[in-house]
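Below: one structure, written as structure tokens.
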Amino acid sequence: MIKFVILDVYPAKKHRLIKDTAGGYGTGNDFGNTLFSKLLNVYVEGNIGMPSIEVMIISSILKKNHEVHYTRNLNDENISTCDYVILPSSIIAHETELHTLSKLENKKVFITGIFATIMKEKYLKKNSLVVKNESDTFFYNLNKNDKINKEFLDNLFLNKDSIDDFYTPVSLDDFPYPDWGDYSKKYPLRNNFFSLNQKIAIPLLGTRGCPYSCFFYCTYPLQQGRKVRARSVENIINEIKYWQKELGTNKFVFRDPVFSINRKHTIEFCNEVIKQKLNITFMVETHLNNLDDEMIKLLKAAGLRLVYVGVESSNHVVLKDMKRFTVEHDKQYKVIKKCEDAGIKVKTMFIIGNPEDTKETIIQSIEYSKYLPSLYSQFSVFTPYPGTPVYNDYKDLISDKKLENFNQYNLVFKHKNLSKKNINDLKSLAYFKFYFNFKKVIEVLKYFIKSKYEKADQRLG
């Protein structure tokens, strides 16, 4: 039996860091330096958290025949006794990961995650092996071909190009469920924007891939490709029932880039949840164009309670420059209102500091976010990520050399209209103006109180 240690390191920050978001690059939710922003930092860091689904699938693959230990501590005593280390990569912990790698010179280290593929020259050392693209596919094929033994793995480190033989496409139904059972015994696995109940929130991945035009600046197509691949509805339902039994939770977070992109698949899933009376609550991220009266009604009946939708900006010039497809303002309002009226809470997502943004266009977007009838809103900062098409346009303008600061909440390039201080001030202003008003506070409190009593009623029933 081989012993693996998954060493999932993060820099010390006072805000949430999560490697599963932004297509595996990760994000760091730093809402600003005002008192209100710092309170938001504390709330989100304490109430929303999950590691990469990909690395948890790898853990399950390896545990079939070997020992796996997950840790976030470089000084964990299991490292000294393990045979191999698996180091998940990201942009938000990049320098910390490289420092960690330098401390593991006497260990053979598999580097996983799409960011290591993009930045291979940084991660590839004498003692490391960069597992390209979807790392779970590589380990699945190794395991399927009975190649997980010390002799074979040691030879991989000597002949690193031979890893290319193990990227045969895998049906998403063939992967084991992620290793949430052991993980949740040691670390929080929750999302309390759903409700205030403390049940574990299980991340699920029903589809991979996104064909939308925002691949110009978005990292999901780098990680998962632009072709959409879906698990069977039966496979997703079986996983939901498995976690209901094993962990006693009915709370799920779909991590699909665009949940309802395959309408037929989504309808089939919802109908099966309703038919089997699974009594789940779940959240998704999707495009407003995929939500109509029929879909909203069906998703609500299946248990959808929170949906994230990208708005990005209220300004059409800004959106056109970003190559962002969206629906018109009146339709955005109507769809969001229908969701909220149906009992599905909406989180609108905006990006500030876009290449054509000015202070005026950002303030317009802030005001527009208040006009839209959503319970929540998020304001991140335009980031030209290495590997995306937009990066080539801005690589000579990059002003922040520390990649850990590329967390979607910092201005990292020389903007033609805005300074870093402008962006930080506008980011803080956006969160303050959206959330810190009497009407919004009452709405949020009513939702949380209602959700808490609904859960109590379910337990009593």
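The values are calculated or read from the model by the stated rules, or taken from the named source; none is laboratory data. Values in this document were obtained by computation on a predicted structure and should not be read as measured data. Heads up, the Cβs are rebuilt from the backbone with ideal geometry, glycines too, and the neighbour counts pull from every protein chain shown.
Laid out as a table, the results:
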quantity: Test for Asn235: is it out of contact with any helix residue (DSSP H, G or I) (no Cβ under 7 Å at 6 or more places or on another chain) and either part of a helix (DSSP H, G or I) or surrounded by fewer than 17 Cβ atoms within 10 Å (Cβ to Cβ) (or both); calculated: no
quantity: Those residues of segment 127-161 which are basic (Lys, Arg), part of a loop (DSSP other than H, G, I, E, B) and over 30 Å from the mean Cα position of the chain (by Cα), in sequence order; calculated: Lys147
quantity: Count - residues of segment 255-309 that are exposed (fewer than 15 other Cβ atoms within 10 Å of the Cβ) and in a loop (DSSP other than H, G, I, E, B); calculated: 4
quantity: Flag for Ser184 being in contact (Cβ under 8 Å) with a residue 60 or more places away in the chain, under 29 Å from Phe252 (Cβ atoms) and not in a loop (DSSP other than H, G, I, E, B); calculated: yes
quantity: Which listed residue, of Val68, Val85, Val44, is β-branched (Val, Ile, Thr) and either within 30 Å of Val412 (Cα to Cα) or assigned by TED's automatic domain parsing to the domain that holds Phe379 (or both); calculated: Val44
quantity: Residue in segment 343-375 that is surrounded by the most Cβ atoms within 10 Å (Cβ to Cβ), counting only those that are charged (D, E, K, R) and not in a helix (DSSP H, G or I); calculated: Asp357
quantity: In segment 79-102, the residues that are among the polar types (S, T, N, Q), crowded, with 16+ Cβ neighbours inside 10 Å and in contact with a strand residue (DSSP E or B) (Cβ under 8 Å, 6 or more places away or on another chain); calculated: Ser89, Thr100
quantity: Filtered residues of segment 116-126 (kept if assigned to a loop (DSSP other than H, G, I, E, B) and among the acidic types (Asp, Glu)); calculated: none
quantity: Flag if Val55 is surrounded by 21 or more Cβ atoms within 10 Å (Cβ to Cβ), modelled with pLDDT of 95 or more and either of a type in the set (Asp, Glu) or over 19 Å from Glu151 (Cα atoms) (or both); calculated: yes
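Every residue, every condition in (1) surrounded by fewer than 18 Cβ atoms within 10 Å (Cβ to Cβ); (2) at pLDDT below 95; (3) out of contact with any Pro (no Cβ under 9 Å at 6 or more places or on another chain), yes or no:
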| site | (1), (2), (3) |
| --- | --- |
| Ile398 | yes, no, no |
| Lys402 | yes, no, yes |
| Asn410 | no, no, yes |
| Ser419 | yes, no, yes |
| Lys439 | yes, yes, yes |
| Ile449 | yes, yes, yes |
| Arg459 | yes, yes, yes |
